[in-house]
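Quick notes on the structure that follows.
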Protein chains: 2
Amino acid sequence: MDINKTTGEILREKREEKGLLLRHVSAKLDIDTAILSKIERSERKASKEQILKLAEILDLNKDDLLIQYLSEKILYEIKDEELGSKALKAAERKIRYIKKNNSKD
Amino acid sequence: MDINKTTGEILREKREEKGLLLRHVSAKLDIDTAILSKIERSERKASKEQILKLAEILDLNKDDLLIQYLSEKILYEIKDEELGSKALKAAERKIRYIKKNNSKD
DNA sequence: AAGCAATTTGACTATATTTGTCAAACGGAT
DNA sequence: ATCCGTTTGACAAATATAGTCAAATTGCTT
């Protein structure tokens, strides 16, 4: 799973690889084909639940797909921000700090 | 500005240091004191515009406060996620990749 | 080129989330 | 007991998100 593809691209490629139609997959997700089409073209974001279901349907590694999906969500938060990279680094420092101090649980 | 304080804590400390009341600051922000109170206690998120105004009002470094604020937003996206740290790292890789390929502009 | 299946688009609706107001309650100082 | 700053929670308005549906478009295949 290439980190520099979008989640949508990954989903579309795997779906086509398996010879499935939007119709087939969207039925299993219980949404309209239109939405799945938009998800694959990154016009809409999937929900976490949909991502997990898609991993099952398309035989993609759940953790990998979820990481891909979450990282895209993170990027979305900072996409127009000059200071985005610095914010990311700060977030890492914070998460490390939080983890350290939660080890007391 | 301590990275391991919340944005709210930073704002409250600096406001109190300057001897300002919620009333004073919220008037400049043009919101109710109730909201500012909630922002300071991390019960609500400020908007980016409010953060920038707050930096001015409280004489805080704009970039530092913005980084603080954005990193908190990022953290919020992954706070309940097992795979949060991995997603953060993936986001960094992506942003590096994007920057590399945009240098053609 | 016509016909047909798959996908895309866009208008629309419903629902959820966010952002704010307001008034009442709380807490500490005098 | 009153005053003043802050907090709380119910409510309303505005905005964002998720979805449906039908029509338009794309791309085969004949």
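Which residues, counting only those in segment A:6-16, are away from DNA strand D (no atom under 15 Å from the Cβ) and without any contact (Cβ under 8 Å) to a residue 24 or more places away in the chain? Listed by number, the list holds a single entry, A:Glu13. Summed over segment A:7-44, the residues that are away from DNA strand C (no atom under 12 Å from the Cβ) and in contact with a helix residue (DSSP H, G or I) (Cβ under 7 Å, 6 or more places away or on another chain) give a count of 5. Going by the structure shown, is B:Leu70 in contact with a Gly (Cβ under 9 Å, 6 or more places away or on another chain), surrounded by 14 or more Cβ atoms within 10 Å (Cβ to Cβ) and closer than 17 Å to A:Lys94 by Cβ? Judged against the criteria, B:Leu70 is a match. Listed by first and then second residue, the pairs linking a residue in segment A:24-39 that is farther than 12 Å from A:Ile57 by Cα and among the hydroxyl-bearing types (Ser, Thr, Tyr) to a residue that is outside any helix (DSSP H, G or I) and more than 8 Å from DNA strand D (Cβ to nearest atom), with Cβ atoms under 9 Å apart and 6 or more places separating them unless they lie on different chains, are A:Thr33/A:Leu21; A:Ser37/A:Glu43.
Residues to consider are A:Asn102, A:Asn61; find the one that is at pLDDT 95 or above and surrounded by fewer than 19 Cβ atoms within 10 Å (Cβ to Cβ). Answer to the selection: A:Asn61.
The values are calculated or read from the model by the stated rules, or taken from the named source; none is laboratory data. Quick caveat: nothing in here was measured; it's all calculated off a predicted structure. Heads up, the Cβs are rebuilt from the backbone with ideal geometry, glycines too, and the neighbour counts pull from every protein chain shown.
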